[in-house]
1. Where the second residue is assigned to a strand (DSSP E or B) and of a type in the set (D, E, K, R) and the first is touching a residue at least 12 places away in the same chain (Cβ under 8 Å) and over 12 Å from Arg263 (Cα atoms) and lies in the range 311-327, which pairs have Cβ atoms under 9 Å and are six or more apart or on separate chains?
2. Name the single residue that is surrounded by the most Cβ atoms within 10 Å (Cβ to Cβ) among those in the range 283-295 being over 14 Å from the mean Cα position of the chain (by Cα) and assigned to a strand (DSSP E or B).
3. In the range 78-92, what residues are within 24 Å of Ala146 (Cα to Cα) and either free of Cβ contacts under 8 Å to residues at least 40 places away in the same chain or part of a strand (DSSP E or B) (or both)?
4. If you go through the range 86-121, how many residues are more than 12 Å from Leu55 (Cβ to Cβ), of a type in the set (Val, Ile, Thr), surrounded by fewer than 24 Cβ atoms within 10 Å (Cβ to Cβ) and under 20 Å from the mean Cα position of the chain (by Cα)?
5. So if I check each of Asp198, Asp160, which one is more than 26 Å from Phe119 (Cβ to Cβ) and without any contact (Cβ under 8 Å) to a residue 24 or more places away in the chain?
6. Looking only at the range 129-149, decide whether some residue is more than 21 Å from Asn270 (Cβ to Cβ), surrounded by fewer than 23 Cβ atoms within 10 Å (Cβ to Cβ) and among the β-branched types (Val, Ile, Thr).
7. Identify all residues within the range 296-327 that are surrounded by 21 or more Cβ atoms within 10 Å (Cβ to Cβ), over 16 Å from the mean Cα position of the chain (by Cα) and assigned to a strand (DSSP E or B); write none if there are none.
Amino acid sequence: MKRTAMFGAGAMMIATGMIALPAAAQSPDREEAKSLLVEGHFNGDEVVDDDFIPLGSACLTGATETGVFSPCDAESLGPVPMAGETPGYLQLTDAGGFKTSGVLYNRPLENDGGIEVHFAQYQYGGAGADGISFFLVDGETDLAEAGAYGGSLGYAQLGDLSGVDGGYLGLGLDSWGNFSADTEGRGTGCPENQRAPDHLQTSTARAPDNVALRGPGSGSEGYCLLATTATDEIVGTGVRGDDLYGSSFPEALSVDSLEAAKRLVKLKVNDDPMPEVTVDIDFLDGDGWQRVLEATVPVEAPDTFKFGFAASTGAANDVHLLRHLRVETFE
């Protein structure tokens, strides 16, 4: 999400309706009364809420014994946090190739007043792939697996592989750049106003270091693009910025170098019949929360939600970490 690309010419163009927002706009949300639904800091030696389900290589760097999550392997590849030390992290992947992972929350949460989700994400230490997703599904779904990995980031479909069951909304924090593209089967059955920009519909198209929202889907249909910061991105190259990514890392990882990769993310879904969605990111550059996406989900929200995260690597890779998850509803 290079600033010159995401905020090109002093404004960011949102795919849905092509709404222009000021580059330095602060999140305009006023403080509202909220109730805590789920909290997971992932920085201790265990996760006490057994409604969390780890998938694939997901592990706790601070753990020394297997509980809901396993301890991370001391031989993990790349500049990963020290195994067994707290405060730690939820490590979705190390910097090994072709890893897939996730964490699901398989208890339905009431959707009375909309929801707001906060978390810290870290992507660093490799060649920039693939990215991290956060997704919401219908609470009546038995959420046992993520969707297709790779460019679909565990939310959408990919070729013959189905997207996540009951998918309602998927946020892609997309280092490699395929989540915004209608390739590999993404965009199947979608109307024209929920398709990727023309330059993201070719077979090799990708837009590195961007953020995107995809909507409801089932099996190989839907998961349509609702909004993306990749509206004027140069595609098909390895060029990337450092907005989502932590730049270069020394061989000896330190707390300070990990802080350079930290990005705070806030996603809000309101309680309108066709919910309005906003995504804000604090790049920890002193400018506070920045509004990066706005969209409308064209389908009524379910009465209850479940949620999950996913991450993956391929021939290119990254370390992917999470911390400080908070899910709240509005009173």
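Bear in mind that the values in this text are calculations on the coordinates, not laboratory data. Keep in mind the model is a prediction, meaning the values are calculated, not measured. Here the Cβ positions follow ideal geometry from the backbone for every residue, glycine too, while neighbour counts run over all protein chains shown.
1. Short answer, once both residue conditions are applied: Leu325/Glu39; Arg326/Glu39; Arg326/Glu116; Val327/Glu39; Val327/Glu116.
2. Let us first name the residues in the range 283-295 that are over 14 Å from the mean Cα position of the chain (by Cα), namely 283-291, 294-295.
Now restrict to residues that are assigned to a strand (DSSP E or B): 289-291, 294-295.
Details: Trp289: 17, Gln290: 23, Arg291: 20, Glu294: 18, Ala295: 25.
Applying the filter and picking the extreme gives Ala295.
3. Within the range 78-92, Leu90, Gln91, Leu92 meet the criteria.
4. Counting residues in the range 86-121 that are more than 12 Å from Leu55 (Cβ to Cβ), of a type in the set (Val, Ile, Thr), surrounded by fewer than 24 Cβ atoms within 10 Å (Cβ to Cβ) and under 20 Å from the mean Cα position of the chain (by Cα) gives 1.
5. On the way: Asp160 fails: without any contact (Cβ under 8 Å) to a residue 24 or more places away in the chain.
The unique qualifying residue is Asp198.
6. Looking through the range 129-149, at least one residue is more than 21 Å from Asn270 (Cβ to Cβ), surrounded by fewer than 23 Cβ atoms within 10 Å (Cβ to Cβ) and among the β-branched types (Val, Ile, Thr).
7. Across the range 296-327, the qualifying residue is only Phe305.
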